[in-house]
Amino acid sequence: MNYIRLNNGIKMPQLGFGVCRIQDLEKCEEVVLKAMRCGYRLFDTAAIYENEEAIGNAIQKSGIAREELFITSKLWVTNNSYEGAKAGFHESLKKLQLDYIDLYLIHRPLGDYYGAWRALTELYKEGKIRAIGVSNFFNDSLYDLIYNNEVQPAVNQIQCHPFMQRKPEVVLHQELNVQLEAWSPFAVGNYNIFHNEQLVKISKNHQKSVAQIILRWHIQRGLIVIPKTENFERMKENIDIFDFRLSDEEMKAIEKLDMGKNEDTAYRLESLKRVYAIE
Ligand SMILES: NC(=O)c1ccc[n+]([C@@H]2O[C@H](COP(=O)([O-])OP(=O)(O)OC[C@H]3O[C@@H](n4cnc5c(N)ncnc54)[C@H](OP(=O)(O)O)[C@@H]3O)[C@@H](O)[C@H]2O)c1
């Protein structure tokens with residue numbers, strides 16, 4: 001496993017395991033235990049995924065030392081305020097059955113996220129969180145948060161995949177010393193990604209699958225990556241990416257797949273309506 005040193009000095013695995021949309025708690029616990037057996041140590045959940053209990057149960061049953069694991073959770077937007085963040089964090093901690101969370105993120109920059117950041121800063125200073133960060137923050141909200149606060153976000157988790165490569169964001173985050181983490185690294189399987197001609201061609205050069213090529217590309221760009229799968233064979237496949245390297249030419253060929261895809265205004269409005277449950 002590769003590790004990334006975050007801007008506060010702590011080490012985070014570069015490859016982890018996402019559990020979004022695995023809402024059945026028994027199923028989620030079983031999936032996480034299997035992933036642990038495959039060697040995954042970084043797990044990415046969120047209050048809104050409604051499966052933190054399952055991660056907690058899997059941790060208890062795994063027999064893996066707590067310090068070997070790296071657990072991320074996220075504050076949902078309805079708790080984006082100083083008091084809400086304290087309450088939301090303690091609720092997550094209880095469900096995860098932990099004394100501390102390794103990385104705790106503000107899920108989206110909505111509502112009073114400045115108040116939430118103050119609360120996270122206090123929890124971080126108390127040692128209840130090892131690193132604090134954000135998710136889905138883009139240029140203006142990220143700059144603003146950084147320049148108006150003493151404690152800087154260690155991580156920003158945003159959507160990134162071969163068709164939406166976030167090239168300006170990669171440069172910006174390097175400049176700001178904030179680690180980028182890619183969510184939906186496979187574009188959730190959309191755009192026929194696993195059968196893309198260019199990716200298939202590169203996969204044949206290495207006798208690896210397209211999924212492995214995509215993950216290796218994220219890793220070589222310096223991003224942290226958290227693929228999700230419920231399938232045991234794919235779990236093994238997705239972690240088996242540290243015994244080969246993509247050449248500069250292959251990295252450049254993948255770079256050409258960028259369609260600059262981004263959430264458009266209509267999508268963002270729809271998503272806001274869902275967040276606030278507006279009919
Ligand atoms: N911060 C945020 O706002 C945010 C938003 C979305 C997601 N996330 C995080 O990012 C994680 C990953 O994103 P995601 O779950 O949206 O999508 P993803 O990882 O891009 O894609 C998951 C899909 O790929 C399939 N898959 C996985 N490995 C495969 C392989 N080796 N070969 C073929 N298919 C494979 C999975 O199917 P099977 O399960 O059937 O294998 C699933 O349909 C989430 O679980 C969550 O932790 C964060």
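The values are calculated or read from the model by the stated rules, or taken from the named source; none is laboratory data. Keep in mind that this is a model prediction, so the values were computed, not measured. All Cβ positions, even for glycine, are placed from backbone atoms using ideal geometry, and neighbour counts span all protein chains on display. These area figures cover heavy atoms from the full protein model, side chains too; ligands, DNA and RNA do not enter into them. Shrake-Rupley method; radii C 1.70, N 1.55, O 1.52, S 1.80 Å.
Is there any pair linking a residue in segment 5-28 that is in contact (Cβ under 8 Å) with a residue 24 or more places away in the chain to one that is basic (Lys, Arg) and away from the ligand (no atom under 16 Å from the Cβ), with Cβ under 7 Å and at least six apart or on different chains, and which?
Ile10/Arg130
Name the residues in segment 46-64 that are assigned to a loop (DSSP other than H, G, I, E, B), among the aliphatic types (A, V, I, L, M) and within 13 Å of the ligand (Cβ to nearest atom), would you?
Correct list: Ala46 only.
Being in contact with a Phe, Trp or Tyr (Cβ under 7 Å, 6 or more places away or on another chain) and either in contact (Cβ under 8 Å) with a residue 60 or more places away in the chain or of a type in the set (Phe, Trp, Tyr) (or both) is true for just one of Phe137, Phe163. Which residue is that?
From the options Phe137, Phe163, the qualifying one is Phe163.
Go through segment 23-45 and give me each residue that's touching a helix residue (DSSP H, G or I) at 6+ places or on another chain (Cβ under 8 Å) and within 8 Å of the ligand (Cβ to nearest atom).
Thr45 - this is the single residue of segment 23-45 that is touching a helix residue (DSSP H, G or I) at 6+ places or on another chain (Cβ under 8 Å) and within 8 Å of the ligand (Cβ to nearest atom).
Residue check: is Met259 hydrophobic (A, V, I, L, M, F, W, C), open to solvent by 40 Å² or more (accessible area, probe 1.4 Å) and modelled with pLDDT under 95?
yes
Tell me which residues, restricted to segment 152-170, are within 15 Å of the ligand (Cβ to nearest atom), surrounded by fewer than 22 Cβ atoms within 10 Å (Cβ to Cβ) and not in a loop (DSSP other than H, G, I, E, B).
Answer for segment 152-170, where residues must be within 15 Å of the ligand (Cβ to nearest atom), surrounded by fewer than 22 Cβ atoms within 10 Å (Cβ to Cβ) and not in a loop (DSSP other than H, G, I, E, B): Ile158, Gln159, Met164, Glu169.
Filter segment 171-225 down to residues that are open to solvent by 40 Å² or more (accessible area, probe 1.4 Å) and under 17 Å from Asp240 (Cβ atoms) and give me whichever is nearest to the chain's Cα centre (by Cα).
Across segment 171-225, the extreme among qualifying residues is Gln220.
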